Amino acid sequence: MLLACTRDCYDTCIFRPIYEGGRLARLLPIGDFPTLGFTCARGAADVKRLSSPRRVKRPLLRGERQTLEVSWERALEELSARLKAADPSRIIHIDYDGNQGLLTWYYPARLFNLLGTASTDYSICSAEGSEAIKLHWGRSYGAMPEELSKRPVVFWALDAATSFIHGWALAKRAKNPVAAVDVVWTKTMKSADLPVAVRPGTDVVLALGISREIIQHKSYDAGFVERYTYGFDRFMEYVDKFTPEYVEAETGVPRTVFYNLVDFYLRRPITVIGFAIGRTENGGDAARAISLIHALLGDPAGFYYSNSGAWGIDFAYLRGLHLAKPSKVVPMGLVGARISEFDVVYVWNANPVLTLPQGDRIAAAAERGDVTLAVHTPFVDETAEAAHIVLPAPTYLEKDDVVYSYWHNYLVYNSAVAEPPSEAVRETHLVRRLAEMLGVSSHPLMREDPWDAVDVAVRGTGFTLKELRERGVVKLKTPDYYTYPTATGKVEFYSETALRRGLPPLPQYKPPSRSLHVLTFPPSPLYTNSQFRDIYGEPPPAVRVNPADYVGDCVALRNEHGEVHVKAVADPEVPRGVVVYVGIGRDLRGIPINAVARGEPGPYGGTPKLYTTYVQVEPCRDKY
Ligand SMILES: Nc1nc2c(c(=O)[nH]1)N[C@H]1C(S)=C(S)[C@@H](COP(=O)(O)OP(=O)(O)OC[C@H]3O[C@@H](n4cnc5c(=O)[nH]c(N)nc54)[C@H](O)[C@@H]3O)O[C@H]1N2
Ligand SMILES: Nc1nc2c(c(=O)[nH]1)N[C@H]1C(S)=C(S)[C@@H](COP(=O)(O)OP(=O)(O)OC[C@H]3O[C@@H](n4cnc5c(=O)[nH]c(N)nc54)[C@H](O)[C@@H]3O)O[C@H]1N2
Ligand code: SF4
Ligand SMILES: [Mo]
């Protein structure tokens, strides 16, 4: 039997569970592709986390003075009373990818959609880039994993050596050249053959500049352009202003490095476009422009962003969107700022108090009693600490589920390999029980058994749930790279699809501010987002700055959202004007770092521009 790690992670490692004395002892990474016999510090810690002191074992109700353990009956009575009392449009559910299982993450949204509550737009991570790329290609999926070991690779806005360890290993082991484009000297940048350091938010200029060179030197694939694309002439005219001089002036990339990157592209590399690009200023536009380089090269499988859309899994069906819709949709980056629009917040599979911009305002509203906050989670995180109602969930090792990857094409049936705490209840059971209490259990969305819903949702993969159960792991077929569901049915250099939606047909560039500092967030090897701090401790409340920007060993980062106080370390690997915070944690006073994060949604998929958070940096006034 095999099982897949359900973390929000490119790699989706596949393991063989190893038992000792009848109990799960460890998870052995399979030696085969795509897990290659190794895993990360988090994957190795999941077994230990089964008995983490942070586990939620029983339902908890937080009263005026103390938090009490209560029965499920009592906790659900309280929750259903709060849900009944609120207008549905004043209830919001916040769920994200703490666990990528189809039953754990997706199915529970059914209950809220049929009630007509508000929803987030699920934009925190990759929506901006996906929607941006779709404007030109009609889809956003790209290269299959094997390609990373066959061709040179560009890791663009991604510290792959830290956050995509198997993609990185494939590229490095193949000994093909590797390029990286980043604003910080990350581990990936330091070991790349061609590191390209750009100013934050200027990638779109770099990418359009590359296209201009490819066109000028007639190095594009005229046959592909002729047969499969639309609007090439207008694109050619448009990119003409992105000269090497302009690229250098805007991006800070020296001319010689720029030409080396152009040459690198002429070797037909795979570009792994980091999800991070969508969280930057002009980030959707950068994703558009980078993807179009591969249209010029006649290489429709040449870029990779997210392959979630390639497998034919019907996520909307699981969420019940064929029969019901949320009454309102709020961009994830604005939920904190707009918390006064809600009376009840129901969370599962996410830790919004810590991970969302202004998530601290969700906790503050709960503290004031302005909202009822309920959370279903295996672990006490910041959201559970702030919640009135905390409900215990099993971890991924304690329940059956179906797990897909947004990178590789293996679909895995996970069987439970450990016993959950006796009172932990899985997400699907909980919402169905709640539906009974709310009197909506006869609705077709709730009547359908969750596993039957999964069976329908995976039909598009070519497999049934039964086959999946029997085989454990199945390899999904490579998607079609030559069909483009755009307005013209072609790859649109000039996007008619965008025009129809009132969006710009060509990638846009608005110069980012150079007078403020940019706070950005490279990944930590110890955590997956906010998870695993129970094992590895809190990320240090500290930032790194360029020695020229150093104003003292403690700094206040301030903007219109608020202020956080952190230790500061001078580091020449951080460029001037950039402030680097690693991990997702809190400041010296315990305030979430995201209290100052930029929540402003991007124009295409609504992802907040959190990796280009403008701040003023001043010495701390208080002593810590
Ligand atoms: N170890 C580890 N692995 C993880 C995660 C984790 O927390 N830890 N998180 C998982 C999740 S949810 C995701 S979405 C992915 C994260 O993966 P991605 O979001 O794809 O990228 P990261 O590796 O976090 O690196 C983002 C890089 O972008 C750089 N950057 C910031 N602004 C700019 C810019 O304007 N231009 C360019 N070119 N670069 C910029 C940062 O310096 C950083 O090095 O990784 C997943 N894997
Ligand atoms: N400052 C800053 N903020 C960021 C980022 C950053 O790099 N810097 N990255 C952003 C990105 S890319 C992302 S994707 C988001 C991630 O944001 P989240 O999805 O909120 O983050 P996680 O820490 O992965 O999610 C965690 C919660 O899921 C719960 N969970 C885990 N497994 C299960 C389960 O089986 N069932 C249930 N019910 N709950 C479970 C755990 O309790 C955990 O606290 O954060 C974003 N926020
Ligand atoms: S967190 Fe990522 S790298 Fe680590 S075990 Fe899970 S899928 Fe693999
Ligand atoms: Mo993410």
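The values are calculated or read from the model by the stated rules, or taken from the named source; none is laboratory data. This is a predicted model, so every value here is computed, not measured. Heads up, the Cβs are rebuilt from the backbone with ideal geometry, glycines too, and the neighbour counts pull from every protein chain shown. Note: areas computed on protein heavy atoms with side chains; ligands, DNA, RNA excluded. Shrake-Rupley method; radii C 1.70, N 1.55, O 1.52, S 1.80 Å.
Being in a loop (DSSP other than H, G, I, E, B) and either more than 16 Å from ligand 3 (Cβ to nearest atom) or under 21 Å from E341 (Cα atoms) (or both) is the filter here; which residues of the range 371-386 pass it? Steps first, please.
In the first step, residues of the range 371-386 are kept if they are in a loop (DSSP other than H, G, I, E, B); the result is 371, 378, 380-381.
Matches in the range 371-386: V371, V380, D381.
Give me the residue from the range 104-134 that is part of a helix (DSSP H, G or I), hydrophobic (A, V, I, L, M, F, W, C) and open to solvent by 10 Å² or more (accessible area, probe 1.4 Å) and, out of that set, nearest to ligand 3 (Cβ to nearest atom).
Here the residue is W105.
Can you tell me which residue is farthest from V456 (Cα to Cα) among those in the range 97-121 that are touching a strand residue (DSSP E or B) at 6+ places or on another chain (Cβ under 8 Å) and among the aromatic types (F, W, Y)?
Among those that are touching a strand residue (DSSP E or B) at 6+ places or on another chain (Cβ under 8 Å) and among the aromatic types (F, W, Y), it is F112.
From the list A595, A568, exactly one residue is assigned to a strand (DSSP E or B), modelled with pLDDT of 95 or more, more than 15 Å from ligand 1 (Cβ to nearest atom) and on the phi < 0 side of the Ramachandran plot. Which is it?
Working: A595 fails: assigned to a strand (DSSP E or B).
Answer to the check: A568.
Take A597 and decide whether it is more than 18 Å from T355 (Cβ to Cβ) and in contact with a helix residue (DSSP H, G or I) (Cβ under 8 Å, 6 or more places away or on another chain). Lay out the reasoning, then the answer.
Details: more than 18 Å from T355 (Cβ to Cβ): no; in contact with a helix residue (DSSP H, G or I) (Cβ under 8 Å, 6 or more places away or on another chain): yes.
So A597 does not fit the description; no.
Please determine, by comparing only the residues of the range 1-30 that are away from ligand 4 (no atom under 16 Å from the Cβ) and in a loop (DSSP other than H, G, I, E, B), which one is most open to solvent (accessible area, probe 1.4 Å).
As a first pass, look at the range 1-30 and keep what is away from ligand 4 (no atom under 16 Å from the Cβ): 1-4, 13-30.
The next check asks that each one be in a loop (DSSP other than H, G, I, E, B); those that pass are 1-2, 13, 21-22, 30.
On the way: M1: 106, L2: 43, C13: 12, G21: 86, G22: 72, I30: 23 Å².
The extreme case among them is M1.
If I filter the range 135-160 down to residues being part of a helix (DSSP H, G or I) and either of a type in the set (S, T, Y) or open to solvent by 10 Å² or more (accessible area, probe 1.4 Å) (or both), which single residue comes out as nearest to P195 (Cα to Cα)?
The initial filter retains those residues of the range 135-160 that are part of a helix (DSSP H, G or I), namely 135-137, 145-149, 160.
Remaining after also requiring either of a type in the set (S, T, Y) or open to solvent by 10 Å² or more (accessible area, probe 1.4 Å) (or both): 146-147, 149.
Details: E146: 23, E147: 21, S149: 19 Å.
It comes out as S149.
Quick check: anything in the range 38-52 farther than 17 Å from P394 by Cβ, away from ligand 2 (no atom under 16 Å from the Cβ) and either charged (D, E, K, R) or buried (at least 17 other Cβ atoms within 10 Å of the Cβ) (or both)?
Yes.
For the range 302-315, which residues satisfy the criterion of being outside any helix (DSSP H, G or I) and surrounded by fewer than 17 Cβ atoms within 10 Å (Cβ to Cβ)?
In the first step, residues of the range 302-315 are kept if they are outside any helix (DSSP H, G or I); the result is 302-307, 311-314.
Hit for the range 302-315 is G312, nothing else.
Would you confirm, using the coordinates I've provided, whether A179 is farther than 17 Å from T520 by Cα, under 22 Å from the mean Cα position of the chain (by Cα) and either of a type outside the set (F, W, Y) or assigned to a helix (DSSP H, G or I) (or both)? Give the steps one after another, and end with the answer.
Working: farther than 17 Å from T520 by Cα: yes; under 22 Å from the mean Cα position of the chain (by Cα): no; either of a type outside the set (F, W, Y) or assigned to a helix (DSSP H, G or I) (or both): yes.
Spelling it out, it is not the case that A179 is farther than 17 Å from T520 by Cα, under 22 Å from the mean Cα position of the chain (by Cα) and either of a type outside the set (F, W, Y) or assigned to a helix (DSSP H, G or I) (or both).
If F258 meets every condition in (1) surrounded by 24 or more Cβ atoms within 10 Å (Cβ to Cβ); (2) in a helix (DSSP H, G or I) apart from one, which number is that one?
With respect to (1) surrounded by 24 or more Cβ atoms within 10 Å (Cβ to Cβ); (2) in a helix (DSSP H, G or I), F258 is out only on (1).
Any idea which residue in the range 531-562 is nearest to ligand 1 (Cβ to nearest atom), counting only those that are open to solvent by 10 Å² or more (accessible area, probe 1.4 Å) and in contact with a Leu (Cβ under 7 Å, 6 or more places away or on another chain)?
To start, the set of residues in the range 531-562 that are open to solvent by 10 Å² or more (accessible area, probe 1.4 Å) comprises 531, 533-538, 540-542, 544, 546-554, 558-562.
Then keep just the ones that are in contact with a Leu (Cβ under 7 Å, 6 or more places away or on another chain); that gives 536, 541.
Values: Y536: 11, P541: 17 Å.
Top of the filtered list is Y536.
Here is a yes/no grid of residues against (1) in the same structural domain as D452 (by the TED database); (2) open to solvent by 10 Å² or more (accessible area, probe 1.4 Å):
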site	(1), (2)
R234	no, yes
I270	no, no
G283	no, no
L318	yes, no
A337	yes, yes
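For the range 584-601, which positions are under 22 Å from F275 (Cβ atoms) and open to solvent by 10 Å² or more (accessible area, probe 1.4 Å)? Even if it seems obvious, please write down each step before you answer.
Keep residues of the range 584-601 that are under 22 Å from F275 (Cβ atoms), which gives 584-585, 592-594, 596-601.
Scanning the range 584-601 gives I584, P592, R598, E600, P601.
I'm told L519 meets every condition in (1) within 16 Å of ligand 2 (Cβ to nearest atom); (2) of a type outside the set (K, R); (3) not in a strand (DSSP E or B) except one. Can you identify the failing condition by its number?
The number of the failed condition is (3).
Among the residues of the range 316-348, write down those that are assigned to a helix (DSSP H, G or I) and within 16 Å of ligand 4 (Cβ to nearest atom). Spell out how you get there, then give the answer.
In the first step, residues of the range 316-348 are kept if they are assigned to a helix (DSSP H, G or I); the result is 316-318, 332-334, 339-341.
Of everything in the range 316-348, those that are assigned to a helix (DSSP H, G or I) and within 16 Å of ligand 4 (Cβ to nearest atom) turn out to be M332, G333.
Restricting attention to the range 31-59, and to residues there that are assigned to a loop (DSSP other than H, G, I, E, B) and within 16 Å of ligand 1 (Cβ to nearest atom), which single residue is nearest to E385 (Cα to Cα)? First the steps, then the outcome.
Taking the range 31-59 as the starting set, the residues that turn out to be assigned to a loop (DSSP other than H, G, I, E, B) are 31-40, 50-54, 56-59.
Now drop any that are not within 16 Å of ligand 1 (Cβ to nearest atom), which leaves 34-35, 38-40.
On the way: P34: 37, T35: 35, F38: 34, T39: 31, C40: 28 Å.
Once the filter is applied, the top-ranked residue is C40.
Would you be able to say whether some residue in the range 227-236 is under 23 Å from A160 (Cα atoms), at pLDDT 95 or above and of a type in the set (G, A, S)? Steps first, answer last, please.
Residues of the range 227-236 under 23 Å from A160 (Cα atoms): none.
No: zero hits.
How do the strands (runs of 3 or more DSSP E) wholly within the range 399-516 filter down when requiring 2 or more residues that are in contact with a strand residue (DSSP E or B) (Cβ under 8 Å, 6 or more places away or on another chain) and of a type outside the set (A, V, I, L, M): which remain?
Details: elements: 401-403, 410-414, 473-475.
Because the criterion is at least 2 residues that are in contact with a strand residue (DSSP E or B) (Cβ under 8 Å, 6 or more places away or on another chain) and of a type outside the set (A, V, I, L, M), the strands (runs of 3 or more DSSP E) in the range 399-516 that meet it are 410-414.
Can you work out which of the residues in the range 243-300 that are within 14 Å of ligand 1 (Cβ to nearest atom) and among the acidic types (D, E) is farthest from R514 (Cα to Cα)?
Out of the qualifying residues, it is D285.
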